[in-house]
Amino acid sequence: MRSTCRTMLLALLAVLALSAVAASAAQAAVEGPFYKIAGSRLASGESKEVKITTRSGIDLYLDIYGTYIKCTTQGFAAGSKLLGSTGANGGAGEVTLELSGCKYSGDGSGECGVVEPIKTYPLTAKLVYLNSERKGRLAVEFTPTKGSKFGRITITGKGCAEETYITGDLVAGLYSGEKPVEVGKEPAEAKTMELDLTLSPQPADVWVEKAGELVKTAVGELDYGPGGLQFTEGTNSTLELAGGANWGVFT
């Protein structure tokens, strides 16, 4: 009888041990999304400078006036970088977006201008899921690192001088080889990736990986004073790491 009880107890302990191993393995499988550079994950505490290497036109539509500010170049300010992560946490970045080659068009456009470059405040760029199931496309959410101010626009000229702030968040599409990066379908590392600031429609919510749990985050609509603001007619910007290493986003 004692032998039978001992056998049953050992069997139970074995089952519990296997369950613990399975649970640990399942938890360990949740890792991303994260950056990989030259075959190795960019770990927590590590960073890598990132830059935009191509020019692409982009328009800011200001519906408070029904006008456009048309810019020819978008890019990251010097020092913008990717931030690594470890375990079941998503990668991020610290960037400042700059728009230059800008012209004001609309009411009073002959006398109005805009101070260049149009710069955002420091932004946190988080790798995010677009749904709660860890499936489908991956994206990047840009949010103000401090406070609610996303950027500032200064319009100059007689009768139209004005300084205003942009508030809210921006979710950008993430591509590699001009194809959307998707969970389970991540392409191999390459010299470049693409970022689409004109992702439409903008999602109302995104999901961020933190310690193995998905945290739902509301996306604040970009707002320009009492009116709205949106990036329109933009094309993908090509991203490259300083030094030119191969890299990619994985889960």
Open item on the list: Give me VAL219, VAL115 sorted ascending by neighbouring Cβ count inside 10 Å, so fewest comes first.
Closed with: VAL115, VAL219
Task: In nm, spacing of pseudo-spin labels at THR53 and LYS135 (7 Å Cα→C-beta vector) - done: 3.5
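Given the peptides 129-137, 85-93, arrange them by the average over their residues of other C-beta atoms within 10 Å, most packed first.
By packing density, highest mean first, the sequence is 85-93, 129-137.
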Task: Karplus-derived 3J(HN,Hα), 6.51/-1.76/1.60, for each residue of the range 35-48, Hz, glycine and proline x - done: 8, 10, 10, 6, x, 10, 5, 6, 7, 4, x, 9, 8, 8
Task: Sequence-distant residues sharing a close amide H with SER176 (under 5 Å, placed H) - done: VAL181, GLU194
- [ ] Please turn the phi angles of the range 197-204 into ³J(HN,Hα) values with the Karplus equation 6.51 cos²θ - 1.76 cosθ + 1.60 (θ = phi - 60°), one per residue in order, whole Hz, x for glycine and proline.
- [x] 6, 9, 3, 9, x, 5, x, 7
- [ ] List the residues whose amide H sits under 5 Å from the amide H of ILE37, counting only those 5 or more places along or on another chain, with H placed 1.01 Å from N in the peptide plane.
- [x] LEU42
- [ ] Post the alpha-carbon centroid distance, the range 91-150 to the range 164-189, in whole angstrom.
- [x] 13
Open item on the list: Test of understanding: ordering LEU239, LEU127 by Cβ neighbours within 10 Å, fewest first, what list do you get?
Closed with: LEU239, LEU127
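Bear in mind these aren't lab numbers, they're just calculated from the coordinates by the rules spelled out. Treat the numbers as computed from the prediction; the structure is a model and nothing was measured. Backbone-built Cβ (ideal geometry, glycine too); neighbour counts: all protein chains shown.
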